[in-house]
1. Suppose only helical runs count, i.e. DSSP H with n ≥ 4. What mean residue ellipticity at 222 nm does that imply for the chain under -39500 (n - 2.57) per run, divided by all residues and rounded to the nearest 500 deg cm²/dmol?
2. Using only Cα atoms, tell me the angle between helix 67-85 and the longest principal axis of the chain; keep it within 0 to 90° and round to the nearest 10.
3. Using R₀ = 22 Å, calculate the FRET efficiency as 1/(1 + (r/R₀)^6) where r is the Cβ-Cβ separation of Phe63 and Asp204; round to 0.05.
4. Loop only by DSSP, 16 or fewer other Cβ within 10 Å of the Cβ. Give me the trypsin sites (Lys or Arg not before Pro) in the stretch 17-82 that pass, ordered by residue number.
5. If you build a Gaussian network model of the chain, linking Cα atoms that sit under 10 Å apart, which residue out of Leu60, Leu119, Leu152 swings the most?
6. Please determine, in degrees from 0 to 90 and to the nearest 10, the orientation of helix 114-124 with respect to the longest principal axis defined by the Cα atoms of the chain, where the helix direction is its Cα long axis.
7. Binning every alpha carbon pair distance of the chain at 5 Å from zero, what are the percents per bin?
8. Alpha carbon centre of the stretch 59-110 versus the stretch 160-183: separation in Å?
Amino acid sequence: MKFSTIIFDMDGVVVDTEPIWKKATMKFLQRRGITQDIDKDKHKWISKSPVEIMEIMKDLYEFEGDPMELHDERNAIVDEIYQDELQYIKGFEPFIKKVKDSNLKTCIATSSFKKHIDLIDEKLNITAKFGQHIYSIADVGNIGKPNPDLFLFAAEKLNSSPSDCIVIEDSPNGVQAAKNAEMFCIALSQQDTEEHKRRLLNADIIVESFEDIDLKELI
């Protein structure tokens, strides 16, 4: 067996939260009179810690405020949207079934806070698929990607060595975190822009959907 373990990022890999976060962020910025599209900038904060995200946004869009208070405000908007629009990424459910049938160890390793993990679990019951193996940056002192800490922590919890692990990510920082952890990385680009795909080039494999992952070749 080449690999024994698959570590999944959560947002944009397991659950389709990216459109929700974009909508919430646009609404958050509109409250401050900022109406520009964030697509060209979002790569600068994806996979960063909540405080880092707000510090980056404050610099980019020139507004003031305490980073944690701003984070809480944006989160409140996200919470409202989650209730109606949250769903799994297309292709994830049949893929995780194949993974489980292959007796691979699995977990989620996400930059999201526990509050959002709990909201997602309440809506989609992700613990039915991952049990207690759902880890966040809170488990590693809020050290965000591209630092490898979270992926190394997840591997340790699963009793897997880094060389046994596949990481499935959708962000450049997440891909870099996987490579910094010396893990094999699959980048899930879906229908994203060519610019975003270019930023994923450090991954070992880039696919547009779960259907493109040949599990038999990896295990």
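Only the coordinates and a few stated rules stand behind these numbers; no lab work does. Here the structure is a predicted model, which means the values were calculated and not measured. FYI the Cβ positions are ideal-geometry reconstructions off the backbone, even for glycines, and counts take in every protein chain you see.
1. Details: 10 runs with 96 residues, N = 219.
Calculated from helices alone, the mean residue ellipticity at 222 nm is -12500 deg cm²/dmol.
2. 70
3. Numbers: r = 39 Å, r/R0 = 1.77.
Approximately 0.05, to the nearest 0.05.
4. On the way: sites: Lys22, Lys23, Lys27, Arg31, Arg32, Lys40, Lys42, Lys44, Lys48, Lys58, Arg74; in loops: Arg31, Arg32, Lys40, Lys48.
Counting only loop positions with at most 16 other Cβ atoms within 10 Å, the trypsin sites (Lys or Arg not before Pro) in the stretch 17-82 are Arg31, Arg32, Lys40.
5. Residue with maximal mean-square fluctuation among Leu60, Leu119, Leu152: Leu60.
6. 70
7. 1, 7, 15, 20, 21, 17, 10, 5, 2, 1, 0
8. Cα centres, the stretch 59-110 to the stretch 160-183: 18 Å.
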